[in-house]
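Q: Supplied in structure tokens, the structure appears directly below.
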Amino acid sequence: MTQHRITDDLEVLLDVLPPNIRHAVEKANNSDKLLEIVIDLGRIAAARFVDGEVPLSIKEISRGEIDHVTERIGKFDADNRAGMERTLHRISAIRNRLGTVVGLTCRVGRAVYGTVDIIQDIIESGKSVLILGRPGVGKTTLLREAARILAENKRVVIVDTSNEIGGDGDVPHPAVGRARRMQVREPMLQHEVMIEAVENHNPEVIVIDEIGRELEAQAARTIAERGVQLIGTAHGQTLENLLLNPTLSDLVGGIEAVTLSDEEARRRGTQKTVLERRSPPTFDVVIEIQNRDRFAVHLDITESVDSLLRGAPQLPEVRTRDDEGKIVIEKSAPAPRTKMEAREVGKTRRGRQPVSPTQPLPAATSQPQADSASEGQSQPASQTPTVVTSALQTVRVFAYGVARNRLMQAAKRLGVPAVIVTEVDQADTLVTLRTYYRNREQTVMEAEHRGLPIYVLRANTVAQVEQFLGDLFNLTEMQHPRDKMDDVREDTQRAIAAVLNGERWVDLPPGTSLVRRLQHEMARNAELVSHSYGKEPRRHVRIFRE
């Protein structure tokens, strides 16, 4: 059982309140659950607790009572927030059209030690984690505790825009431990401080609260591409909220509308325009805080987003803390199938195992051999496939229901020698969609009868196609063909030399996030600056001097 230790310095906050309001708060006798005190001109002051709101007086608030508070706290910054030195309390102002303060929200800041235990394994895994939740649910408290724990073994820098994580004043609150804190002069400059933190202070982890603007989302992607772990929060309560937010959806890969051909739309059984994920997510894991003791965890954000766009959301892992402090984890289950789907998946055929619609067929291998019936056959000139050469063994792929242009583009991006053929009898392997496999299409059955390895994709998306090619050529996330990466290194070294010889900047060709990470690292080693620009798949790195 984990013991939670709370430090709130509540006396410091109560000292700045008018005496009558302070006495009313103390009389409520529920300070452990106190969230904030609301003071508005001409209205009755109120204390908001976890379980409800309590009025603090019968008299309306006067101008003098508001001035009493503002005179005893620090200056309000550009986002109308002020703090109290060496505490985590925050006072936010509401102003009239003339700029005069007419309302105050005095929020209690607490350092709660031990709350991160429910997700500590994820935080310490090295994966980038995005935390979602409604205001007041404890996102910043969790962020502060995560920074303290990670700083025990890693170089952690907190980008503290509103001084909520490390508190007000020049010296950060002890609750952040050994983590270093960078303050932000104006909220609009948060993205610049995020990049500055990476370029100047060599962190292994960046902690960010309230990613809310497009420039901040772009800065987060640049940081992730440089191999730095991100722990952050964003506006929104669920993954679906975030995905539909045009400003922040890039944090989880973004959405784009793709128009299919008539034939492809008929094959898929969908409309001609469908939504797909635009690029790899910036964060690896998304955590939804439903309440202080219940978390929904999307451990594979790529799969969660893809399944959501397909209309079959994947259930998240649910973690709860019971009354005794014990953590209970409910593993996510696959999306429910219809009775017909269940019958199809459960069928077995002679000589092979049942096929899961979410996995490649067991018969598929990483290096398929050509079928004897197809060896030595020539291809008509009209059917000459596109060939991508590399040091790996060439594999001829027949795509049934899977977009051939995406296969070609993915093969080119990954640098693998996949030959996309137009006849099944020319192929070494067949790739198809779950729908066609379940419907027992004649072409699929013929390939199966001939003993061809068959790969089954969930959907006709770029991510699924790239995963298929990765499995086919036995690539891991960190593996690319050596000759391709050598070319990347040579191109990057030439760009570095050009900048060192006087060029203002050099733009490198677009590449995958793995390629961009290598380019950033090489630029940093040469003591140059690099930034990523553009959107997938045309996102590229620019190298320049400071």
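Q: Determine if the range 248-257 includes at least one residue that is out of contact with any Phe, Trp or Tyr (no Cβ under 6 Å at 6 or more places or on another chain), at positive phi, buried (at least 17 other Cβ atoms within 10 Å of the Cβ) and not in a strand (DSSP E or B).
A: Checked against the condition, which is being out of contact with any Phe, Trp or Tyr (no Cβ under 6 Å at 6 or more places or on another chain), at positive phi, buried (at least 17 other Cβ atoms within 10 Å of the Cβ) and not in a strand (DSSP E or B), the range 248-257 yields at least one hit.
Q: Show me the strands (runs of 3 or more DSSP E) entirely contained within the range 346-456 in which 1 or more residues are among the hydroxyl-bearing types (Ser, Thr, Tyr), modelled with pLDDT of 50 or more and touching a Gly at 6+ places or on another chain (Cβ under 9 Å).
A: 429-433
Q: Can you say whether Thr105 is of a type in the set (Val, Ile, Thr) and under 21 Å from Arg181 (Cα atoms), as far as the supplied structure shows?
A: No: the conditions fail for Thr105.
Q: Then there is this: Just to verify a result, which residue in the range 118-139, among those that are within 15 Å of the chain's Cα centre (by Cα) and assigned to a helix (DSSP H, G or I), is surrounded by the most Cβ atoms within 10 Å (Cβ to Cβ)?
A: Ile123
Q: To continue, here is another question. Considering only residues that are within 17 Å of Ile123 (Cα to Cα) and assigned to a helix (DSSP H, G or I), which ones fall in the range 142-174?
A: Passing the criteria: Leu142, Leu143, Arg144, Glu145, Ala146, Ala147, Arg148, Ile149, Leu150.
Q: Quick one: which residue in Thr247, Thr222, Thr233 is at pLDDT below 90 and of a type in the set (Val, Ile, Thr)?
A: Unique residue meeting the criteria: Thr247.
The values are calculated or read from the model by the stated rules, or taken from the named source; none is laboratory data. Fair warning: this is a prediction, and the values are worked out from it, not measured in the lab. Because the Cβ atoms are built from the backbone with ideal geometry, glycine has one as well, and the counts that use them run over all protein chains shown.
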